[in-house]
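Okay, so here's the structure we're looking at.
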Amino acid sequence: MTTRVPGRLPIGDGISHVVSFLLAHLQPVFDRIAWFVDGLTSAFQSGLLWLPPWFVTAALVLIALWRVGLGLASFTAVAFALVVSLGLWQETMATLALVLASTMLSLLIGLPLGIWAARRDWVDRALRPILDLMQTMPAFVYLIPAAMFFGLGRVPGAIATIIFSMPPAVRLTNLGIRQVPKEMVEAGLAFGATRRQLLFKVQIPQALPSIMAGVNQNIMLALSMVVIASMIGAGGLGNSVLRGIQRLDVGLGFEGGIGVVLLAIVLDRITQSFGGGKREPLRARVLGLFRGAPHPQKKEEAS
């Protein structure tokens, strides 16, 4: 039992009472949330593990070639070949499933909140301190209520990841829509666009680079929670790093860390490309690999 210090403001005691009240009265709600999050994460993980490693690698290589280019495609192939050779394929797919599920849920919540904040100033003012708290609170603090409400395993790890990684999506969606030129909005209104048409046909397309930057930051923050979430049983590559810490095994921890870094680089470069405009069709990019560069003299004659 903690000793009370005279004159101390009992904020922690109040939070504890709130948590106890929620556990006593809203446990069925938390059970439903846990069931949904666990089902989504399990579906991603089962699907990724059901597919052979060469198929997942080939799919990511093609996406990297389509969205970025030959350099990232080659890096992706080498990176996932290294993951397989290190025997970390299952852990990497578990981490990818956790990141995908957490990112999907955080975007389902964060993007509408960002749109709402962009259209209502009072929502923006109300969300700002909450987002500041979510971003500045140490990540380890999220593990305590997540474990209390949802037990141990993937679910509390996913919940903590969602809370930790959501703020950039909300902020950058809000910022992107607010930065759409007023002239374009006025032109849309002048042509009789409804608020829904104005949002989906003018504001969101113009704000897409900012929104995709938020998605990118969301994924990177989710990956940064991998090791921390493993402390409450989230699994994945974080387990290798955690075992390395517990055993003081530098090699084991380094291998798990390398897997996280390689996955982060691939996801970072691919998601960054979606905010940069249209890309050349994949068929043209693949055929371009087998075409030689034009002769300088012919290039000059053509110009």
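Going by the conditions given, is Ala160 touching a residue at least 24 places away in the same chain (Cβ under 8 Å), of a type in the set (Gly, Ala, Ser) and over 30 Å from Gln45 (Cβ atoms)?
Answer is no for this residue.
Considering only the range 1-95, give the helices (runs of 4 or more DSSP H) lying wholly within it that have at least 3 residues that are among the small types (Gly, Ala, Ser) and either within 20 Å of Ile265 (Cα to Cα) or touching a helix residue (DSSP H, G or I) at 6+ places or on another chain (Cβ under 7 Å) (or both). Can you show your working first?
Working: elements: 11-25, 27-50, 53-67, 70-85.
Answer list for the range 1-95: 53-67, 70-85.
Pick from the range 78-129 the residues that are polar (S, T, N, Q) and open to solvent by 40 Å² or more (accessible area, probe 1.4 Å): which of them is farthest from the chain's Cα centre (by Cα)? Give the derivation first.
Initially, the range 78-129 is screened for residues polar (S, T, N, Q), giving 85, 90, 92, 95, 102-103, 106.
Narrowing further to those that are open to solvent by 40 Å² or more (accessible area, probe 1.4 Å): 85, 90.
Numbers: Ser85: 26, Gln90: 20 Å.
The qualifying residue farthest from the chain's Cα centre (by Cα) is Ser85.
Filter the range 130-140 down to the residues that are among the aliphatic types (A, V, I, L, M) and modelled with pLDDT under 85, then identify the one that is surrounded by the most Cβ atoms within 10 Å (Cβ to Cβ). Full working, then the answer.
Restricting attention to the range 130-140, the residues satisfying the condition of being among the aliphatic types (A, V, I, L, M) are 130-131, 133-134, 137, 139.
Narrowing further to those that are modelled with pLDDT under 85: 137, 139.
Values: Met137: 12, Ala139: 17.
Once the filter is applied, the top-ranked residue is Ala139.
Within the range 30-55, can you find the residues that are touching a residue at least 60 places away in the same chain (Cβ under 8 Å) and open to solvent by 50 Å² or more (accessible area, probe 1.4 Å)?
Of everything in the range 30-55, those that are touching a residue at least 60 places away in the same chain (Cβ under 8 Å) and open to solvent by 50 Å² or more (accessible area, probe 1.4 Å) turn out to be Ile33, Asp38.
Out of curiosity, is Arg8 of a type in the set (Lys, Arg) and within 21 Å of the chain's Cα centre (by Cα)? Write out each step before concluding.
Working: of a type in the set (Lys, Arg): yes; within 21 Å of the chain's Cα centre (by Cα): no.
No, not satisfied.
So Leu143 passes all but one of these: (1) open to solvent by 60 Å² or more (accessible area, probe 1.4 Å); (2) at pLDDT below 90. Which condition number does it fail?
Unmet condition: (1).
Please find, among Val141, Val170, Val180, the residue that is more than 19 Å from the chain's Cα centre (by Cα), of a type in the set (Val, Ile, Thr) and under 27 Å from Gln206 (Cα atoms).
On the way: Val141 fails: under 27 Å from Gln206 (Cα atoms); Val170 fails: more than 19 Å from the chain's Cα centre (by Cα).
After ruling out the rest, the residue left standing is Val180.
Would you mind telling me which numbered condition in (1) at pLDDT 85 or above; (2) at positive phi; (3) small (Gly, Ala, Ser) Gly153 fails?
(1)
The values are calculated or read from the model by the stated rules, or taken from the named source; none is laboratory data. Since the structure is predicted, the reported quantities are computational estimates derived from the model, not experimental observations. So basically every Cβ, Gly included, is an ideal-geometry build from the backbone, and we count neighbours across all protein chains shown. Remember, those area values only see protein heavy atoms, side chains included, never the ligands or the DNA or RNA. Shrake-Rupley method; radii C 1.70, N 1.55, O 1.52, S 1.80 Å.
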